[in-house]
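**Student:** Sending over a structure as structure tokens; questions will come in a sec.
The values are calculated or read from the model by the stated rules, or taken from the named source; none is laboratory data. What you see is a predicted model, and the numbers here were worked out from it, not measured in a lab. For neighbour counting, all protein chains shown are included, and Cβ atoms are generated from backbone atoms with ideal geometry for every residue, glycine included. Areas reflect the complete protein model, heavy atoms only, side chains present, ligands, DNA and RNA absent. Shrake-Rupley method; radii C 1.70, N 1.55, O 1.52, S 1.80 Å.
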Amino acid sequence: MLDRGTILADTARILEVELDELDPAASLVDQGLDSVRLMALVEHWRGAGADIDFVSLASAPDLEQWCTLLTRS
């Protein structure tokens, strides 16, 4: 299972920003997320055991919603 810290760190890494530059409540699209990066995160998190898909994350492109989805999967 993923935890909030891992989700934030992985997202910052894929967006090539420092963790403290992320705004958990803002749209990740506005912070540089595109479909290729999102797919990379989905595959990475699936490899870590998360039961998540591209559409679920794309439909809720902010970290608060992602943490809710990913920490319960």
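**Student:** Go through segment 1-18 and give me each residue that's in contact with a helix residue (DSSP H, G or I) (Cβ under 8 Å, 6 or more places away or on another chain) and open to solvent by 90 Å² or more (accessible area, probe 1.4 Å).
**Tutor:** Met1, Arg4, Glu18
**Student:** If you don't mind, another one. Take segment 29-40 and flag every residue that is aliphatic (A, V, I, L, M) and either outside any helix (DSSP H, G or I) or touching a residue at least 24 places away in the same chain (Cβ under 8 Å) (or both).
**Tutor:** First, the residues of segment 29-40 that are aliphatic (A, V, I, L, M): 29, 33, 36, 38-40.
Selection gives Val29, Leu33, Ala40.
**Student:** Assuming Gly32 fulfils every condition listed in (1) open to solvent by 40 Å² or more (accessible area, probe 1.4 Å); (2) farther than 15 Å from Cys67 by Cβ apart from one, which condition is it?
**Tutor:** Exception for Gly32: condition (1).
**Student:** Kindly check whether there is at least one residue in segment 41-64 that is open to solvent by 70 Å² or more (accessible area, probe 1.4 Å), part of a helix (DSSP H, G or I), among the charged types (D, E, K, R) and touching a residue at least 24 places away in the same chain (Cβ under 8 Å).
**Tutor:** Yes, because at least one residue in segment 41-64 is open to solvent by 70 Å² or more (accessible area, probe 1.4 Å), part of a helix (DSSP H, G or I), among the charged types (D, E, K, R) and touching a residue at least 24 places away in the same chain (Cβ under 8 Å).
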